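J.: Here's a structure for you.
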Amino acid sequence: MHNALRDPAQKDDAVAVCIDARGRELERFPEILLSLDRMDVDCQLVFLDALSPTLVKRFSETRRRHPLTSADRDLRQAIDAESALLESIADLADLTVDTTRLEAAELTGLIRDRLAANDANRLSLLFRSFGFKHGVPVDADYVFDVRCLPNPHWVDELRPLTGLDSAVKDYLGQQPLVQKMFDDISGFLEDWLPHFEENNRMYMTIAVGCTGGQHRSVYLSERLGSQFSDHHLKDRWNVLVRHRELAHNP
């Protein structure tokens, strides 16, 4: 199908092709990708994933039949079989997107921001906050657990706020452990991201998690996004920040 993210006024040869477990030549997919590379076709593989309970719920709510279900295979077994079938393709993906908690419009925006608006010559960095009690994002390349840090949840006036609010920023900004965690994470990434670039990585997702995904992870994701956007690295990488557990992302 044609790339729905393209500006209709633009005239180019960009197309998007969608495949799933019903593809007849899935076993040849790595070979097909290699042949495209040999023809100097600029091809990026995006793999959409979600946690199994979410997939079961989606199929149940839409009443659609999973293509791999049969008289001997129920929905959960079909989803597991699909995961195994697509594993080799997932391993080849340039970008994996966890759609578990994404609405259709959010998914469209994320794909647009990370692919259509991305400079092909620069690594795309996504800093995503999340809450461990809601599950770890399946698309994360690195997961940093910040639950050991002082928690604004236990400060009555800060509990209803988020890491985007000034009062929470002020509180966390005064905590030595928070500053040390930020310094350690940012230093680690500055040291190692260049090595991923040398290995031709185009996309990296950095997940920062606290208990509920409201305060500490949001604050640190924002600071990291700002650091890698406004620091001396600003012209090197494309940076996005998203907060999985917040109703309204910036």
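Bear in mind these aren't lab numbers, they're just calculated from the coordinates by the rules spelled out. For clarity, every value in this text was computed on a predicted model and none was experimentally measured. Cβ placement follows ideal geometry from the backbone for every residue including glycine, while neighbour counts extend to all protein chains displayed.
J.: Quick one: if the Förster radius is 41 Å, what FRET efficiency do Leu92 and Lys180 give, using the C-beta to C-beta distance and rounding to 0.05?
T.: Computed FRET efficiency for Leu92 and Lys180 comes out at 0.65.
J.: Contour minus end-to-end for Phe132 and Leu107, with contour as 0.36 nm per residue of separation and end-to-end as the Cα-Cα distance?
T.: 6.9 nm
J.: Sort Ser166, Ser186, Ser129, Ser221 so the one with the fewest other Cβ atoms within 10 Å of its own Cβ comes first.
T.: Ser166, Ser186, Ser221, Ser129
J.: Further question on the same structure: Give the residue from Tyr203, Leu246, Gln175 lying farthest towards the positive end of the charge dipole for the range 122-250; charges sit on Cβ (+1 for Lys and Arg, -1 for Asp and Glu) and the dipole is referred to the Cα centre.
T.: Positive-end residue among those listed: Leu246.
J.: If you take every residue apart from Ser217 with its C-beta less than 10 Å away from the C-beta of Ser217, what net charge results, scoring Lys and Arg +1 and Asp and Glu -1?
T.: +1
J.: Between Arg63, Arg159, Arg76, where does the largest GNM mean-square fluctuation fall for the chain, given springs only between Cα atoms within less than 10 Å?
T.: Arg63
J.: What is the distance, in nm, between label points placed 7 Å from the Cα along the Cα-to-Cβ direction at Glu198 and at Val15?
T.: 3.8 nm
J.: Can you tell me the relative contact order of the chain? Whole percent, Cα pairs under 8 Å, sequence separation 6 or more. Walk me through the intermediate numbers first.
T.: Working: 324 pairs, mean separation 57.0, N = 250.
Averaging sequence separation for qualifying contacts and normalising by length gives 23 percent for the chain.
J.: What's the exposure ranking of Trp237, Trp192, going from fewest to most Cβ atoms within 10 Å?
T.: Exposure proxy ranking, most exposed first: Trp192, Trp237.
J.: Any chance you could check the Cα centroid distance between the range 131-170 and the range 29-48 for me, in angstrom?
T.: 38 Å
J.: Then there is this: Nearest 0.05, what FRET efficiency do Arg122 and Asp145 give at R0 = 22 Å with Cβ-Cβ as r?
T.: Plugging the Cβ-Cβ distance into 1/(1 + (r/R0)^6) gives 0.20.
J.: Show me the GluC sites (Glu not before Pro) within the range 44-142 that DSSP assigns to loop and that have at most 11 other Cβ atoms within 10 Å of their Cβ. The partial results should precede the final answer.
T.: Values: sites: Glu61, Glu82, Glu87, Glu103, Glu106; in loops: Glu103.
Within the range 44-142, the qualifying GluC sites (Glu not before Pro) (loop, at most 11 other Cβ atoms within 10 Å) are Glu103.
J.: Where the only charges are on Cβ atoms (+1 Lys, Arg; -1 Asp, Glu), what is the dipole of the range 146-250 about its Cα centre, to the nearest 20 debye?
T.: 260 debye
J.: Just how large is the dipole of the range 1-93 about the Cα centre, in debye to the nearest 20, putting +1 at every Lys and Arg Cβ and -1 at every Asp and Glu Cβ?
T.: Computed about the Cα centre, the dipole is about 600 debye.
J.: Still on this model: Tell me the GluC sites (Glu not before Pro) within the range 153-229 that lie in a loop according to DSSP and have at most 16 other beta-carbon atoms within 10 Å. Let's see the in-between values first.
T.: On the way: sites: Glu157, Glu190, Glu197, Glu198, Glu222; in loops: Glu157.
Passing sites in the range 153-229 are Glu157.
J.: Could you give the dipole magnitude of the chain about its Cα centre, charging the beta-carbon of Lys and Arg +1 and that of Asp and Glu -1, in debye to the nearest 20? Kindly include the intermediate steps, with their values, before the conclusion.
T.: Values: 30 positive and 41 negative charges, 173 e Å.
So the dipole magnitude of the chain works out to roughly 820 debye.
J.: Sticking with this one: What percent antiparallel are the DSSP beta bridges of the chain, to the nearest 5? Display every interim value, and only then the final one.
T.: On the way: 2 of 25 bridges.
Percent antiparallel among DSSP bridges in the chain is about 10.
J.: What FRET efficiency, computed as 1/(1 + (r/R0)^6) with R0 = 51 Å and r the Cβ-Cβ distance, is obtained for Glu25 and Asp230, rounded to the nearest 0.05?
T.: E(calc), rounded to 0.05, equals 0.65.
J.: Taking springs between alpha-carbon atoms closer than 10 angstrom, which of Asp184, Asp145, Asp49 fluctuates most in the Gaussian network model of the chain?
T.: Between Asp184, Asp145, Asp49, it is Asp184 that shows the largest mean-square fluctuation.
J.: Still on this structure, I have one more. Taking the simple approach of a point 7 Å from Cα along Cα-to-Cβ for both Asp72 and Leu36, what is their distance in nm?
T.: 3.4 nm
J.: For semi-axes √(5λ) of the Cα gyration tensor in Å, several values are listed as [x] 33, 18, 16; [y] 34, 24, 16; [z] 42, 20, 17; flag the one computed from this structure.
T.: For semi-axes √(5λ) of the Cα gyration tensor in Å, the calculated option is [y].
J.: Then there's this: Give me the angle, in degrees from 0 to 90, between the Cα long axis of helix 52-62 and the longest principal axis of the Cα atoms of the chain, rounded to the nearest 10.
T.: With both axes taken from Cα atoms, the answer is about 60 degrees.
J.: Another question, if that's okay. Count charges around Glu31 for me, please; just the other residues with Cβ under 13 Å from its Cβ, Lys/Arg as +1, Asp/Glu as -1.
T.: So the surrounding residues net to -1.
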